[in-house]
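Below is one structure; the comments refer to it alone.
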Amino acid sequence: MKKPSVTPFIITLLLAAAVCTHGKEQVKDSNGNPVKRAAKYFIQPVKSNGGGLVPAAINVLPFCPLGITQTLLPSQPGLPVSFGYEPVIVGTDYIYTSTSINIEFRSEIWPVCNELSKLWAVDVSSSAAKEPAIIIGGESTAPNSLFKIEEATGAHTYKLTTSSGTVGTIPGAWLGAPQLIDTNDEAKTLFVKFVKVNDDATKSTTATSRVEKLGLRMFPFY
């Protein structure tokens, strides 16, 4: 019996990927290069004198899950993240605007809340505020763990959206450092750029890279 060819199946998958990304723009990093799926990037606010984004406690008790805060020091790039599609889009290595993605912190060291994932999510708990926090501990297929990258004014500048609003900031508990929230107030919108992590600069013989250690200094508990 002649074995069925896998070629039509592969073609179907590639056509499906083309349909999913048709009419959408490739997301570009700060150097104008396409943002790649699963590669590491720093997310850095563009209208601020601070640094990048890191996980940080937003409550004294309960301590977990962690929220996400911008570092106050420009010299601190934040903690690397990667982007992935949910559901997976076969046949594309790049991230496109207006397409559902997961965002995940990528660090080998995680001092607390290790029982939770490093996926970003909108807090949908019963205790969530009117403008809920963006937290860690999401599930890849959960609606509150899906984000979209949308173009904004300025070269290679973007904003992040959710199914219920836009990612913005409010003054947080740690010295007023900007804390990420889900909001419908345009004045609070967070505009960001994506800075590619230099793999050569972050390689280390230890479990944690130099850049990760820099970012982790902003953990209030580290």
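The values are calculated or read from the model by the stated rules, or taken from the named source; none is laboratory data. Computed from a prediction, not measured in an experiment: that's the story for all the values here. So basically every Cβ, Gly included, is an ideal-geometry build from the backbone, and we count neighbours across all protein chains shown. Note: areas computed on protein heavy atoms with side chains; ligands, DNA, RNA excluded. Shrake-Rupley method; radii C 1.70, N 1.55, O 1.52, S 1.80 Å.
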**Request:** Filter segment 91-105 down to residues that are within 21 Å of THR162 (Cα to Cα) and either loosely packed, with under 15 Cβ neighbours inside 10 Å or among the charged types (D, E, K, R) (or both), then give me how many there are.
**Result:** 2
**Message:** Just to be sure before I move on: is ALA17 surrounded by 10 or more Cβ atoms within 10 Å (Cβ to Cβ), of a type in the set (A, V, I, L, M) and at pLDDT below 95 in the structure I sent?
**Reply:** yes
**Asked** Among the residues of segment 77-86, is any free of Cβ contacts under 8 Å to residues at least 60 places away in the same chain and open to solvent by 50 Å² or more (accessible area, probe 1.4 Å)?
**Response** no
**Request:** Examine segment 165-175 for a residue that is of a type in the set (S, T, N, Q), open to solvent by 60 Å² or more (accessible area, probe 1.4 Å) and modelled with pLDDT of 95 or more, and state whether such a residue exists.
**Result:** no
**Item:** Identity of the residue in segment 60-83, of a type in the set (Val, Ile, Thr) and not in a loop (DSSP other than H, G, I, E, B), that ends up nearest to GLY172 (Cα to Cα)
**Value:** THR69
**Prompt:** Among (1) surrounded by fewer than 21 Cβ atoms within 10 Å (Cβ to Cβ); (2) modelled with pLDDT of 95 or more, which single condition is ILE134 missing?
**Reply:** (1)
**Asked** Only one of (1) surrounded by 15 or more Cβ atoms within 10 Å (Cβ to Cβ); (2) in contact with an Asp or Glu (Cβ under 8 Å, 6 or more places away or on another chain) is not met by GLU108, so which one is it?
**Response** (1)
